[in-house]
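Participant: Sharing a structure with you now.
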Amino acid sequence: MRIIFEGFLGAFVLGFTGTAFPRLTGNRTWFGGEFCALLLLWTLAVASHAAGQVAAGDSAFSVMVLTLFVGMAGRSSATRTLPNPRPWVETHGRPRW
């Protein structure tokens, strides 16, 4: 069950954050080394679970998520402007504070 969760969810999260996050925030995309490191950690997690090494798979998945979080947090803190609220306002109306 963990191979399904960590394999599919890990691939989805990496793919979504790698494409949508930079577009939403206006930040730079991943460098080649960052992408290769995350892909290697994801592959290691899936292969470890497939081989029955649960602790190694969980560790690789945890390091992958931590690396992803640190990379995305660094990008969002480097942003000097806030994302455009216009799409939210157009679909949900003005917030009533």
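The values are calculated or read from the model by the stated rules, or taken from the named source; none is laboratory data. Please read all numbers here as calculations on a predicted model, not as lab measurements. Because the Cβ atoms are built from the backbone with ideal geometry, glycine has one as well, and the counts that use them run over all protein chains shown.
Participant: For GLY26, state whether it is more than 13 Å from the chain's Cα centre (by Cα) and at pLDDT 90 or above.
Facilitator: no
Participant: Kindly indicate the residue of the range 3-35 that is surrounded by 10 or more Cβ atoms within 10 Å (Cβ to Cβ) and small (Gly, Ala, Ser) and also farthest from HIS49 (Cα to Cα) among those meeting that condition.
Facilitator: The selected residue is GLY26.
Participant: If a residue must be farther than 26 Å from PRO22 by Cα and in contact (Cβ under 8 Å) with a residue 40 or more places away in the chain, how many such residues does the range 47-69 contain?
Facilitator: 5
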